[in-house]
Structures are given as C-alpha cells and as structure tokens.
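Coordinate-derived values only; no laboratory data. On a predicted model such as this, the values are computed, not experimentally measured, just so you know. Glycine also receives a Cβ, built like all others from the backbone with ideal geometry; neighbour counts cover every protein chain displayed.
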Amino acid sequence: MRHRVSSEKAKWLPKHPLDGAAPYALGNYGFDHINRRIALKYLSRGRNLQRAWARICTHLPETTYGDETYDILEFSTAHGAMLELWRALGHRARGTDFCVPEGHIKKYNALKPHMNVLFEQSHESATAPDQPGWAYQPIIESLGLDVDIFDAGVTPYHYADKSVDYICCYQALEAYAAPDDWDRIIAEFCRIARKAVVIGFNPPGRGQETHPDWPNTRAAWDKLRCHHAYGFRNVMFEMEETAQGLHPSACKLVTI
C-alpha cells in the first residue's frame with residue numbers, strides 16, 4: 001500500500017492505539033548493519049503503523065472492536081507493524097519471516113541524517129546470535145515480537161490444523177510459489193485458519209503483461225476471486241491503483 005493511500009485512509013479511520021512518533025530502538029545494531037538490510041521507508045515506525053492500521057481496518061475490521069481476543073498469524077511479517085497493533089488490541093499475534101542468503105541482500109544507499117536518531121536508542125537483544133539474512137531481526141527484537149523463521153515456500157507448515165483464527169499474508173505469496181502453484185499455499189492457509197484468510201498481492205511489475213507467466217498470474221487471481229474450496233469462500237476481491245495501473249490488491253477468504 002502506497003503512503004499516499006494509507007494517509008488518505010487514515011483521515012477516515014479511528015486513531016490506532018500506539019505512539020507512531022516513537023522510533024524503533026535499534027542501538028544494539030550498527031549503522032551499517034541496518035543500512036544494508038532494510039529499505040529506508042521501512043525504518044519509519046510511524047509510516048509502518050499507518051499502513052498496517054489501514055490494512056487491518058479495511059480487511060480485518062472485526063479484530064479492532066469487541067471484547068473477543070483472537071489468535072492471529074501473519075506470514076512474512078517484515079517490520080511487524082501488524083503484530084504490534086494486534087498485540088496492543090489484546091490479541092495473540094505472531095509472525096513468520098525468512099532468512100535470505102547474505103549474497104542476495106540488497107545494498108541500500110546511505111540513510112538520511114535525520115534517521116540517525118534510530119541508533120541513539122538501545123534495546124536488550126531478545127534473540128541470539130544474530131541470524132544472517134533476517135533483515136528485520138533488529139526491529140522485531142526491539143519490539144519483543146514473536147516471529148518464526150522458515151521458508152514459507154516449503155509446505156506443509158509446522159502449524160496444527162485450525163490453530164489460529166486469522167491468517168494474513170501481504171505481498172509475499174508471489175515469493176512463495178509460481179502463480180499456477182498458489183493453490184498449494186492457499187490450501188495450507190485454509191488448513192491452519194479457523195475464521196478467515198487475507199491475502200495481499202504485489203503490484204504487477206512494469207511490462208509484466210508481456211511476460212510469459214502473465215496469463216498464469218491472471219488465471220490465479222481469477223481463481224482466488226471465485227475461491228470456494230478447503231472450507232473457505234472468497235468474500236472480497238479488492239482492486240487498487242498504483243503506478244502500474246489498476247490491479248488486484250487483496251482478497252479475503254472466510255469459512256463456509
């Protein structure tokens with residue numbers, strides 16, 4: 001979700017329960033360690049929380065009101081903003097992530113000077129030792145969040161049948177499997193979830209319409225739009241406009 005979109009949505013949504021002005025406490029990690037692993041835009045806790053809150057209120061509003069607490073599992077949680085918010089709302093939330101081989105970690109440009117405040121604050125390391133390739137380890141540790149590290153492209157997952165109420169997976173399904181193999185991942189989500197599964201899609205790449213796999217991507221999206229399997233059916237198929245044009249952005253599967 002683009003920052004402009006989440007900013008506009010924020011005008012219509014209730015205030016989220018956390019202090020978005022409080023930066024991440026990353027002092028136990030060196031400037032270079034953070035700089036070469038995490039994109040600058042994802043070091044802004046306020047923006048991360050704003051995007052996550054817009055998603056929660058739009059796709060899983062039932063988790064924002066009422067007295068019931070839920071078990072929630074987010075695949076590829078990254079900076080953990082969704083988990084932060086759900087934890088603040090009293091839910092039992094945990095995430096997953098994957099350690100990318102060191103040779104594949106992108107080298108980012110130097111952080112802007114105003115971001116140096118991140119490294120003036122310290123936190124007690126919750127996980128030892130450092131796990132090479134887990135880009136968001138410093139942020140997750142600073143927040144004390146629960147995150148399981150494994151390759152989500154490999155099934156079956158280690159979670160028990162119907163062990164959580166909600167599963168969400170934003171902009172990661174495409175990394176788990178090719179479009180014509182998405183059903184394998186969806187089946188696992190539906191096996192584990194009791195109530196609903198929310199999946200957010202990556203915007204199509206520039207010129208993707210000419211890629212040989214494009215027909216398979218279109219077919220996979222349409223299959224999810226009409227999903228009625230594994231005890232779940234689709235009730236939402238959201239479209240969003242980005243620089244790539246109008247495209248599918250999310251769907252929600254609920255128990256039948």
- Item | Degrees, to the nearest 10: 214-225 long Cα axis against longest axis of the chain | 80
- Message: Between Asn216, Asn48, Asn234, where does the largest GNM mean-square fluctuation fall for the chain, given springs only between Cα atoms within less than 10 Å?
- Response: Asn216
- Task: Tell me the label-point distance for the pair Glu120, Arg4, using the 7 Å Cα-to-Cβ offset, in nm and rounded to one decimal.
- Result: 3.3
- Message: Within 10 Å of each candidate Cβ there may be at most 10 other Cβ atoms; applying that plus a DSSP loop requirement, which chymotrypsin sites (Phe, Trp or Tyr not before Pro) in the stretch 1-83 survive?
- Response: Trp12, Tyr65
- Query: Rounded, prolate or oblate: which one fits the stretch 26-90, using the alpha carbon gyration tensor with axes a ≥ b ≥ c (rounded when a/c is under 1.5, else prolate when a/b beats b/c, else oblate)?
  - Reply: prolate
- Query: Using 1/(1 + (r/R0)^6) with R0 = 22 angstrom and r between the beta carbons of Ala243 and Trp214, what's the FRET efficiency to the nearest 0.05?
  - Reply: 0.80
- Task: Starting from the Cα-Cα distance between Asn202 and Ala160, subtract it from 0.36 nm times their residue separation and give me the gain in nm to one decimal.
- Result: 12.3 nm
- Under 13 Å, Cβ to Cβ, from Pro138 - net charge with Lys/Arg +1 and Asp/Glu -1: -2
- Message: What number does the chain give for Rg over Rh if you use C-alpha atoms and the Kirkwood radius?
- Response: 0.95
- Restricting to the stretch 3-255, compute how many DSSP beta bridges are antiparallel as a %, nearest 5. 50
- Query: How much net charge surrounds Trp182 when only other residues with a Cβ under 13 Å from its Cβ are counted (Lys, Arg +1; Asp, Glu -1)?
  - Reply: -3
